[in-house]
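The block underneath contains the structure these notes are about, expressed in structure tokens.
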Amino acid sequence: MPLIPLRLTIPLQPLLAPLRWLTAHHWLRASDVDACLRFLQPAWALTRIHARVEARRWVAEDMLAIRLRPNGNWPGAQAGQHVQLFIERDGVRLSRSYSLTAQADGCIEIAVRRQPEGRVSAWLCEHLSIGDCVELGAPYGELRWPQEGAVLLAAAGSGITPLLGLLRDALGRGFSAPVRLLHFVREQGQRAFVEELQQLQARYPNLAVEWAVTAGAAGQRLSEEQLHAWREAHVLSCGPAGFVEQLRELVDGQAASLQVESFTPPQWRAEGERRPVRLQFVRSQREAVGDNQASLLEQAEAAGLKPEHGCRQGICTQCTCQLLEGAVRDLRSGEISHEPGQSIRICVSAPLGDVRVDL
Amino acid sequence: MREDRELSREEIDAFGAELDALRERTLADLGEADARYIRRVRAVVRACCWSGRLLLLAGWFPPTWLLGTLLLGLGKIIENMELGHNVMHGQYDWMNDPELAGRTYEWDIAGPSDFWRHTHNHIHHTYTNVLGMDDDIGYGVVRLFPEQRWKPYYRWQPLWVTLQALLFQYAVAIQHLRLDKVFKGRISREEVRPLLRQFNAKVGRQWVKDYLVFPLLALALGCNALAVLAGNVVANLIRNLWTFTVIFCGHFTEKAAVFAPSTLENETRGHWYLRQLKGSSNLQGSRLLHFMTGNLSHQIEHHLYPDVPARRYAAMAREVREIAARYGQTYNTGTMSGQFATVLRRIWRYRLPQAV
């Protein structure tokens, strides 16, 4: 039994303020304070978000929903957002991003799709048990439920998870315009949250849920006809990059609004000719010759540095560092940053020319 | 003196490749056990420091005062060497754990970590034992090799060394400020000012913590503040003397070599390995000795592989020794007392200009 119950960490939050001040001013080491707090309550920490596993249940053949109770450092999240979840395997801290499928009573629910080769998801699905503690990042994500009008939700695979979070929240708040949820899965057994969705459908007549199984000869594909009746709707879509791109092409310019999120990084297109650039890593006092194509993270690693990082796809902000001089290109958007002192995510930034970074 | 076989270019390349392969093998094997180990070390540091500080609250009563002081000194030694020094080398960066990240770790010693990461990790480890480049050769106050140009103040170097040993943490801390160059006007005062601010802030914090907060805490609890203050002073002193001894044994023993700056021209990976091997010296002893030196008793391995977790050095040493023997290179090792005696001999001998 922990000496302090997890729920109590929320009202006790103000007590930590002086300790935070002391650690911020280097009088105390945060890891020492955290060790003491952990002794009182395994999921307690000064600033980091830890959460206890409260429940786990299978919501599809390959998807596990996990209910987590975060400590008092959880800032609260909006429906449709995601969190980075950290675990340690073989001594190495690994992290993956998962979407919030529900929030209630100080708990959050995430859903983890078991990836056949996944180091994190396989471990979570097989070994994470009730009572365990995991670390979370701050919630992030830009998907927002439209104010009014018909809504079309198009999900593929585990893309259902943020959309389900949004849907539950919107219906719970009394959203009454028509909503249609299309969920594409490869196999029948991958349909997730079927029971919940059917219950929601029974309770809210404005909701229609459809599943499409894509495997096999009779497999259904995303088509123009499917979307035809929903031309004027607000479209939200989440799934692998290919799916999302296809949907974007089908509804482009016709939908009232379009929000998409894909969870496999798109193949970053190289820009221009490959040419050598000079990289200066100021903090580690190293210099290297790199190119203008690969990410700064990859190039720093190739130069023997070990920058802190997480997701490697521009999500978790762990690798954020200062650009001191020069310009970098965002590999996802092509956007260029050249402001000295600007924070950049090195995993998705490639140098445009010679750069100096605070690494 | 050293007896090293002259190696051909091909041999040096092969020598480097063998050492690289050992590094790769070790890195591939890192995992759970290494992570558990470094966290246990940290737990030991906490246990030593906190129990030491608690015992010091009991006042001048000799058994508790002595034990408390010793435990605090021990905690500081382990924190500085096996934990701080090794973590700051990035030996545990592969864990991706922010608490053990080499870039941000701050240790319990007067010198700011950022200074150390520059003077030690970069300068000393890159230019090991290269005259004029590696300031760790005598730290500017001691002449240890005949190749160092003699200056009049070296005559008194046994005294300087004693002072340096007693105040070792400050000697290490001010290294980065390059005060010699500031006095000579080669570095402007403007340039050194931000560093000085950082230095003052860290030293100030250390003093307030050890010499003010804990004595005052004792006073508030109705304990003997003076006993606490004295315990802290002596604990820091113990740590200074021990770290001084270990570090001087690392590169200044009889068989340690120094190099002319020209060595660095066109230096290959193999050459670099060879220089590290020649410039470093090991200490033989029990597992406790290795632990207490933060595995700097395996100084050779540490210099070959500064970012490999130090607990691996003992196993790597067996292979390094065998490789060195095959290439006809002296593997400089000996007992701590034996090695330290040769260091003291150097300090005594090279205080005079004519000694060569």
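The values are calculated or read from the model by the stated rules, or taken from the named source; none is laboratory data. Treat the numbers as computed from the prediction; the structure is a model and nothing was measured. Using ideal geometry, Cβ is built from the backbone for each residue, glycine included, and neighbour counts are taken over all protein chains shown.
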Qualifying residues in the range B:180-200 (those that are surrounded by fewer than 13 Cβ atoms within 10 Å (Cβ to Cβ) and within 14 Å of chain A (Cβ to nearest Cβ)) - the one nearest to the chain's Cα centre (by Cα):
B:200
A careful count of residues in the range B:90-111 that are buried (at least 22 other Cβ atoms within 10 Å of the Cβ) and touching a His at 6+ places or on another chain (Cβ under 8 Å) gives 1
Mind listing whichever residues of the range B:160-176 are more than 17 Å from residue B:134 (Cβ to Cβ) and in a helix (DSSP H, G or I)?
B:160, B:161, B:162, B:163, B:165, B:166, B:168, B:169, B:170, B:173
Against the condition at pLDDT 95 or above, within 28 Å of residue A:85 (Cα to Cα) and at the interface with chain A (Cβ under 9 Å from one of its Cβ atoms), how does residue B:40 come out, does it pass?
no
The number of residues in the range A:178-211 that are assigned to a strand (DSSP E or B), touching a residue at least 40 places away in the same chain (Cβ under 8 Å) and not hydrophobic (A, V, I, L, M, F, W, C) is 1
Of all residues in the range B:3-14, which are not hydroxyl-bearing (Ser, Thr, Tyr) and not in a helix (DSSP H, G or I)?
B:3, B:4, B:5, B:6, B:7
What are the residue pairs meeting all of these: first residue in the range A:212-226, first residue not assigned by TED's automatic domain parsing to the domain that holds residue A:186, second residue surrounded by 10 or more Cβ atoms within 10 Å (Cβ to Cβ), Cβ atoms under 9 Å, and 6 or more apart or on different chains?
none
Checking the condition crowded, with 18+ Cβ neighbours inside 10 Å, among the aliphatic types (A, V, I, L, M) and touching a strand residue (DSSP E or B) at 6+ places or on another chain (Cβ under 8 Å), which residue from A:208, A:111 passes?
A:111
Would it be correct to say that residue A:156 is in contact with a Gly (Cβ under 7 Å, 6 or more places away or on another chain), surrounded by 15 or more Cβ atoms within 10 Å (Cβ to Cβ) and assigned by TED's automatic domain parsing to the domain that holds residue A:254?
yes
Filtering the range B:299-356 for residues that are of a type in the set (A, V, I, L, M, F, W, C) and in contact with a Pro (Cβ under 7 Å, 6 or more places away or on another chain) leaves a count of 4
Checking residue A:96 against (1) farther than 23 Å from residue A:236 by Cα; (2) touching a residue at least 12 places away in the same chain (Cβ under 8 Å); (3) in contact with a strand residue (DSSP E or B) (Cβ under 7 Å, 6 or more places away or on another chain); (4) within 14 Å of chain B (Cβ to nearest Cβ), only one condition comes out false. Which one?
(1)
If I go through the range B:60-73 residue by residue, how many of them are within 28 Å of residue B:313 (Cβ to Cβ) and buried (at least 22 other Cβ atoms within 10 Å of the Cβ)?
3
Please identify the pairs in which a residue from the range B:106-133 that is more than 9 Å from chain A (Cβ to nearest Cβ) and within 17 Å of residue B:277 (Cα to Cα) has its Cβ atom under 6 Å from the Cβ atom of a residue that is surrounded by 18 or more Cβ atoms within 10 Å (Cβ to Cβ) and of a type in the set (D, E, K, R), counting only partners at least 6 apart or on another chain.
B:124/B:134; B:124/B:136; B:127/B:134; B:128/B:134
Within the range A:45-79, residues being aromatic (Phe, Trp, Tyr) and touching a helix residue (DSSP H, G or I) at 6+ places or on another chain (Cβ under 6 Å) number 0
Note down all Cβ pairs under 6 Å where the first residue falls in the range A:277-301 and is within 14 Å of chain B (Cβ to nearest Cβ), the second is crowded, with 21+ Cβ neighbours inside 10 Å and assigned to a helix (DSSP H, G or I), and they're at least six residues apart or on different chains.
A:297/A:346; A:297/A:347
For the range A:33-62, which residues satisfy the criterion of being within 14 Å of another protein chain (Cβ to nearest Cβ) and either buried (at least 17 other Cβ atoms within 10 Å of the Cβ) or assigned to a loop (DSSP other than H, G, I, E, B) (or both)?
A:33, A:34, A:37, A:45, A:46, A:47, A:48, A:49, A:50
Sort through A:102, A:35 and tell me the only one that's farther than 30 Å from residue B:30 by Cβ and either of a type outside the set (Lys, Arg) or outside the structural domain of residue A:159 (by TED's automatic domain parsing) (or both).
A:102
Determine whether the range A:118-135 contains at least one residue that is within 14 Å of another protein chain (Cβ to nearest Cβ), among the aromatic types (Phe, Trp, Tyr) and either over 13 Å from residue A:161 (Cβ atoms) or touching a Lys or Arg at 6+ places or on another chain (Cβ under 9 Å) (or both).
yes
Count, please, the residues in the range B:79-102 that happen to be in contact with a Gly (Cβ under 7 Å, 6 or more places away or on another chain) and at the interface with chain A (Cβ under 7 Å from one of its Cβ atoms).
3
Filter pass, residue B:57 being surrounded by 18 or more Cβ atoms within 10 Å (Cβ to Cβ), modelled with pLDDT of 95 or more and away from every other protein chain (no Cβ under 14 Å)
yes
For the range B:218-229, how many residues are in a helix (DSSP H, G or I) and surrounded by 17 or more Cβ atoms within 10 Å (Cβ to Cβ)?
5
Looking only at the range B:230-254, filter to residues that are over 20 Å from residue B:339 (Cα atoms) and of a type in the set (S, T, N, Q); which one of those is surrounded by the fewest Cβ atoms within 10 Å (Cβ to Cβ)?
B:236
